[in-house]
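Each remark here refers to the structure printed beneath this line.
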Amino acid sequence: MMKRLLALTMAGILAVGMTACGGAPAVTDAPAAPAEGAAAAEEAAPAEEAAPAEEGKVYNVAYLVNGNLGDKSFFDSAKSGLDELEKAGRITCTTIEMGGTDEDQPRWASTLDEVSADGSYDLIICGTYQMPDYLKEAATNYPDQKYAIFDDTTYVGESPNVVNLSYRQNDMGYLIGTFAASMTTDTSVENINPDPVVGFVGGVDSPVINDFLLGFIEGAQAVNSDIKVDVRYTNDYVDTAIAKEYGLSMINDNKCDIVWGVAGNAGNGAAEAALETGKAWFIGVDSDQELTLSPDLAALTLTSGLKNIGNSLIWLFDEWDAGRTYWGQEVNLGIAEGGVGIVTDKNYDKYASDATKAAVSQAEADILSGKITVDSAIGDTSGKVEELKKAVQP
Amino acid sequence: MSNLLSNMLSPGFFFSIFRISAPILYATLAAIVVEKAGFANIGLEGLMMFSALFGSLASYYSQSWLVGFLVALLVGVGMSLLMGFFAFQLETDIILVGIAVNLMGSGGTLFLCKIITDITEGKAMASTTGLITSKLCIPNINIPVIRSIPFIGRVLSGHSLLTYTAFLMCILTSIMLYRTSLGLNIRAVGENANAAASVGVSVLKIKYIAIAFSGLMSGFGGAFMSMSYAQGWSQDMVAGRGFIALAAQAMGGGECLGGMFSSLLFGFAQALGIKFSSVGLDSNLASPIPYAITIISLAIFGFVRISRAKKPKVAA
């Protein structure tokens, strides 16, 4: 009996430990003010209003990939942006693929150190949640070297020579919401039913996930004020099976015909639910999931909300050229800066009607011109997310 | 409320109970048999993770779900024998071995997945979800006559092959434990290893068989997770089912039938939580429902057992 008790206690401890590990990274307040076209940059309060860099300065850039190119995701996106800059003659770029396995991790630190010690680079770029610790160490050791890290906000402001690039998920959500609400009543597309109900499978009921959701609901409501949004949370980012159960329930019980999965790997469970029922479509998040999902699931992925890493890097150099730098800060990039967007080729192009496409580009233009400001759930204590969720509950 | 009822009375609701219960049932059977042999295998979660990963990988590289499924079983058995080697031969505490397997099941599988597939992590953790298509998954079975019965057909027919085998295994395990000499030996070793040894039972061999059986069941469970329930392996996808099974084993009184009912109870509770969320119950309230029901049932079970144990004393 003692042994059994011990076993159960251990099991409990482990279970708790594992759920705790599944949490999303902490988020700091973004210093960037709401996007308002070109004005956004000034409002983000550049750290140094240095004199504009000399005309036509060619930056020497090192891009350290903590994995390999060809991921059809963030690494490739960053590379495409840097390629574009290089082609335009604005930078010279050295890309170093450091490998992505745990065995390679020691090399990440040493490569970062070597490249920093070299001293010939104006900027060293890296990204993702795996790099902040290595970067912090290098940034402390080489205070004169400038660094940029994309899609990570772990140590914002702790190193005065690092800029953290983050992405405005509520802007992205707004575009996806606009798209989904336009599509969900377009019964000329197969598997679309006439009911204006769309679904959202989120990871954890947390400010970051709700930021996606808030934009999603606002965008959907702008298209159709009667829209219903079925919101479910898997309460972790790993349990694909439970995400699938939620997806099945949304599709079968509440007639959702489009489900947006925003729950890490678990979100793909919603795509599997759509596949199993044959009655719904899926929308991906962060990178173009049509390229990374298996062919079955990619076929029913209508589009994906995008974090445009490449565009955000171009924006960074545009700002630098204009004499605005953000060292030691986080910049939160929305549609205005090209930081987020929506996939508009492949299935989107094939299935979306002209009216849907027009609605999406209009929404994009309106956010760009400042006509629409998408609310954010981050730092919001007014309870408007809860209210909105209740209002759109099917 | 009427919505909730109509959602609950749909065949889909009852169908989902079986689907949710199946992987837990496998792990519960694994826990039952080792418990009968007198020790605890808390590494079921990790074993399932390994089986899930290698099952999906083998299925992809061979382009055959059957090969993938067999490899999942093999990996489950192999890993569990290794656990046995550490625990019985090298005399490591079996609980510690279990913890080690669970930790490896979380981090080690990701490591292996990256090494084997060369998939790197840009945004998402490496996974095999992009490799596995429907035809590489374990097929669903439509049962000829039953499928045409209204309602019941939609509850009982069309499940994954492995959902049916889960309940079949439950019966077979029960027969094995109570109707075969192997089962007798397992129980004898669990009751009193020295007594069993004194009548010529090889305690070590029986313990190995028991832990291998738990590995086999974990193999079934892992294959179900990555090749049927979800398409492909991703990190921590077993998501605690191996631990819930330990509770289901205790709740079911360590017997197969009881374990099956506890698994079904858990499946019912989970399905119920999902239906509650379909009518807008806050997910923070809906998702703990299965766990709350498990704890409450465990408490009731414990209470009943204690009061039963007390009765004879009072009579005496």
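The values are calculated or read from the model by the stated rules, or taken from the named source; none is laboratory data. Only a predicted model underlies this, so the values are computations on that prediction, with no experimental measurement involved. Cβ coordinates were reconstructed from backbone atoms using ideal geometry, including for glycine residues, and neighbour counts include every protein chain displayed.
For this structure, a couple of remarks:
- The set of residues in the stretch B:265-298 that are more than 16 Å from the chain's Cα centre (by Cα), in contact (Cβ under 8 Å) with a residue 12 or more places away in the chain, part of a helix (DSSP H, G or I) and at the interface with another protein chain (Cβ under 8 Å from one of its Cβ atoms) comprises B:Ala271, B:Ile274, B:Lys275, B:Ser278.
- Within the stretch B:183-196, not a single residue is touching a Phe, Trp or Tyr at 6+ places or on another chain (Cβ under 7 Å), within 12 Å of another protein chain (Cβ to nearest Cβ), among the small types (Gly, Ala, Ser) and touching a residue at least 12 places away in the same chain (Cβ under 8 Å).
- Restricting attention to the stretch A:214-242, the residues being aliphatic (A, V, I, L, M), under 20 Å from A:Ala273 (Cα atoms) and either outside any helix (DSSP H, G or I) or more than 11 Å from every other protein chain (Cβ to nearest Cβ) (or both) number 3.
- Failed item, numbered, when B:Met79 is tested on (1) modelled with pLDDT under 95; (2) assigned to a helix (DSSP H, G or I): (1)
- All positions within the stretch A:243-272 that are assigned to a helix (DSSP H, G or I) and of a type in the set (A, V, I, L, M): A:Ala243, A:Leu248, A:Met250, A:Ile251, A:Ala270, A:Ala271
- Residue check, B:Leu257 surrounded by fewer than 24 Cβ atoms within 10 Å (Cβ to Cβ), more than 9 Å from every other protein chain (Cβ to nearest Cβ), farther than 24 Å from A:Gly203 by Cβ and touching a Cys at 6+ places or on another chain (Cβ under 8 Å): yes
- Test for A:Thr140: is it free of Cβ contacts under 8 Å to residues at least 40 places away in the same chain and among the polar types (S, T, N, Q): yes
- Checking B:Ser56, B:Ser21, B:Ser106 one by one, the residue that is surrounded by fewer than 24 Cβ atoms within 10 Å (Cβ to Cβ) and part of a helix (DSSP H, G or I) is B:Ser106 and no other.
- The requirement of being crowded, with 24+ Cβ neighbours inside 10 Å, among the small types (Gly, Ala, Ser), away from chain A (no Cβ under 13 Å) and not in a loop (DSSP other than H, G, I, E, B) is satisfied by B:Ser262.
- Unique match (being surrounded by 15 or more Cβ atoms within 10 Å (Cβ to Cβ), in contact (Cβ under 8 Å) with a residue 12 or more places away in the chain and in contact with a Gly (Cβ under 6 Å, 6 or more places away or on another chain)) among A:Val201, A:Val115, A:Val189, A:Val163: A:Val201
- Of all residues in the stretch A:165-212 being in a helix (DSSP H, G or I) and among the small types (Gly, Ala, Ser), the one that is nearest to the chain's Cα centre (by Cα): A:Gly173
- Residues of the stretch A:101-132 that turn out to be among the aromatic types (Phe, Trp, Tyr) and not in a loop (DSSP other than H, G, I, E, B), as a count: 1
- Qualifying residue in the stretch A:55-75 (condition: in a helix (DSSP H, G or I) and either modelled with pLDDT under 85 or within 27 Å of A:Leu291 (Cα to Cα) (or both)): yes
- Each residue in the stretch A:289-316 was checked for being more than 14 Å from chain B (Cβ to nearest Cβ) and hydrophobic (A, V, I, L, M, F, W, C), and 5 of them qualify.
- The set of residues in the stretch A:123-149 being charged (D, E, K, R) and surrounded by 17 or more Cβ atoms within 10 Å (Cβ to Cβ) consists of A:Lys136, A:Lys146.
- Among the candidates B:Ala269, B:Ala223, B:Ala286, residue that is touching a helix residue (DSSP H, G or I) at 6+ places or on another chain (Cβ under 9 Å) and crowded, with 24+ Cβ neighbours inside 10 Å: B:Ala223
- Qualifying positions in the stretch A:251-270 - over 17 Å from A:Ala391 (Cα atoms), within 8 Å of chain B (Cβ to nearest Cβ) and in contact with an Asp or Glu (Cβ under 6 Å, 6 or more places away or on another chain): A:Ala266
- Within the stretch A:204-234, restricting attention to residues that are under 23 Å from B:Ala271 (Cβ atoms) and buried (at least 23 other Cβ atoms within 10 Å of the Cβ), the residue that is modelled with the lowest pLDDT is A:Thr234.
- Total residues in the stretch A:348-365, condition within 23 Å of the chain's Cα centre (by Cα) and over 15 Å from A:Arg168 (Cβ atoms): 10
- With respect to the stated conditions, A:Gly264 is out of contact with any helix residue (DSSP H, G or I) (no Cβ under 8 Å at 6 or more places or on another chain) and assigned by TED's automatic domain parsing to the domain that holds A:Ser361.
- Qualifying residue in the stretch A:204-221 (condition: farther than 26 Å from B:Lys275 by Cα and without any contact (Cβ under 8 Å) to a residue 60 or more places away in the chain): no
- Test: residue in the stretch B:143-153 that is in contact with a strand residue (DSSP E or B) (Cβ under 7 Å, 6 or more places away or on another chain) and either of a type outside the set (Asp, Glu) or closer than 29 Å to B:Ser56 by Cα (or both): no
- Single unsatisfied condition, A:Asn347 versus (1) surrounded by fewer than 15 Cβ atoms within 10 Å (Cβ to Cβ); (2) modelled with pLDDT of 90 or more: (1)
- Index of the failed condition, B:Leu172 passing every other in (1) more than 26 Å from B:Arg241 (Cα to Cα); (2) without any contact (Cβ under 8 Å) to a residue 60 or more places away in the chain; (3) not β-branched (Val, Ile, Thr): (1)
- Residue in the stretch A:175-197 that is closer than 25 Å to A:Gly70 by Cβ and at pLDDT 90 or above present: no
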